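One structure is given below, encoded as structure tokens.
The values are calculated or read from the model by the stated rules, or taken from the named source; none is laboratory data. Because the structure is predicted, anything quoted here is derived from the model rather than measured. Cβ placement follows ideal geometry from the backbone for every residue including glycine, while neighbour counts extend to all protein chains displayed. With ligands, DNA and RNA removed, areas are computed over all heavy atoms of the protein, side chains included. Shrake-Rupley method; radii C 1.70, N 1.55, O 1.52, S 1.80 Å.
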Amino acid sequence: MANSKYEYVKKFEMEDKLPACNWIVVRIDGHKFHRFSDDHDFDKPNDENALNLMNSCAVSMVEQFSDIVFAYGVSDEYSFIWKETSQFYDRRASKILSLSVSYFTSMYVMKWKDFFPHKDLKDPPCFDGRIVLYPRVKIVRDYLSWRQVDCHINNQYNTCFWMLVKSGKSNKDAQERLKGTLAKDKNELLFRQFGINYDKLPDIFKKGSCVYKDTVEETVKPDDGGNPVRRQRRRVIVGHFNIIEDWFWNEHPNILKED
């Protein structure tokens, strides 16, 4: 940047370098997505195409930004865990957040037709974002557990609510019916009134989505004898797991490995 008498204005810029030795969590959330989902006629309580679109955008994020070690998504929300040693843009919060939100939003627009080939985008999708720092892996895991518990609570409520609405109740009546109910009450309502076993609903609805890199074995070509030649490759995986319990993290100890 050329020197000039106006260069003093740079002194007003805020220093926003994130402190070292902290895991960086970028959480992206749909802005006014209740209206957006209504405008685009999303299925209620869950639109699997919309969820898979979000997952595909998250996969692109993990592929684009190598310092993202894990992502967790539910509904119109996604959390991206950046490794604690990341020096991406010198750990400047404004750069990390703005690039994350803008790239995710751009991918959402670019991939829309892959998941909704017969629907046009009527409104531009909009996401907001925030950064939170966590100094220890235990707190990162507790954060992810909090988001997954929210996924279950919200999905169970929304499943009951929309089944009641689809059966003829008004939104207000459905809300009144569910007021004060416990988890077991909602499960019983779904089973007795609608024949739905909540435990058998797809895991993508109940548990949300996990995105991470893993080593997989792939067939790359046959050898001269026609036998498959297999090689190990790093690939981005999308799965729907219980990440509150230890088993997932024991199976993938390198995801949140502290340096």
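Which of the residues belonging to the stretch 51-69 are hydrophobic (A, V, I, L, M, F, W, C), open to solvent by 10 Å² or more (accessible area, probe 1.4 Å) and over 18 Å from Ile255 (Cα atoms)?
Within the stretch 51-69, Leu51 is the sole residue that qualifies.
Which one of Ile243, Ile196 is in contact with a strand residue (DSSP E or B) (Cβ under 9 Å, 6 or more places away or on another chain), surrounded by 14 or more Cβ atoms within 10 Å (Cβ to Cβ) and among the hydrophobic types (A, V, I, L, M, F, W, C)?
That would be Ile243, the only listed residue that is in contact with a strand residue (DSSP E or B) (Cβ under 9 Å, 6 or more places away or on another chain), surrounded by 14 or more Cβ atoms within 10 Å (Cβ to Cβ) and among the hydrophobic types (A, V, I, L, M, F, W, C).
How about the stretch 165-190: which of its residues are part of a helix (DSSP H, G or I) and small (Gly, Ala, Ser)?
Within the stretch 165-190, Ala174, Ala183 qualify.
Taking the stretch 134-172 as the region of interest, how many residues are crowded, with 17+ Cβ neighbours inside 10 Å and either over 20 Å from Glu245 (Cβ atoms) or of a type in the set (Phe, Trp, Tyr) (or both)?
The total comes to 7.
Out of the strands (runs of 3 or more DSSP E) lying entirely within the stretch 1-94, which hold 2 or more residues that are aliphatic (A, V, I, L, M) and within 14 Å of the chain's Cα centre (by Cα)?
Hits in the stretch 1-94: 23-30, 68-74.
Buried (at least 19 other Cβ atoms within 10 Å of the Cβ), in contact with a Lys or Arg (Cβ under 7 Å, 6 or more places away or on another chain) and of a type in the set (Ser, Thr, Tyr): which single residue out of Tyr108, Tyr72 fits that description?
Among Tyr108, Tyr72, only Tyr72 is buried (at least 19 other Cβ atoms within 10 Å of the Cβ), in contact with a Lys or Arg (Cβ under 7 Å, 6 or more places away or on another chain) and of a type in the set (Ser, Thr, Tyr).
Any residue in the stretch 224-237 that's free of Cβ contacts under 8 Å to residues at least 24 places away in the same chain and surrounded by 11 or more Cβ atoms within 10 Å (Cβ to Cβ): show its pairings with residues that are in a strand (DSSP E or B) and hydroxyl-bearing (Ser, Thr, Tyr) at Cβ separation under 6 Å, as long as the two are six or more apart or on different chains.
Here the result reads Arg230/Thr219, each pair linking the stretch 224-237 to a residue that is in a strand (DSSP E or B) and hydroxyl-bearing (Ser, Thr, Tyr).
Mind checking which residues of the stretch 75-87 are surrounded by fewer than 16 Cβ atoms within 10 Å (Cβ to Cβ) and among the aliphatic types (A, V, I, L, M)?
Of everything in the stretch 75-87, nothing turns out to be surrounded by fewer than 16 Cβ atoms within 10 Å (Cβ to Cβ) and among the aliphatic types (A, V, I, L, M).
If you check Asp114, Asp128, Asp90, which single one turns out to be open to solvent by 30 Å² or more (accessible area, probe 1.4 Å) and either aliphatic (A, V, I, L, M) or over 21 Å from Val62 (Cβ atoms) (or both)?
Asp90
Taking the stated definitions as given, is Asp142 without any contact (Cβ under 8 Å) to a residue 12 or more places away in the chain, in a loop (DSSP other than H, G, I, E, B) and of a type in the set (D, E, K, R)?
No, not satisfied.
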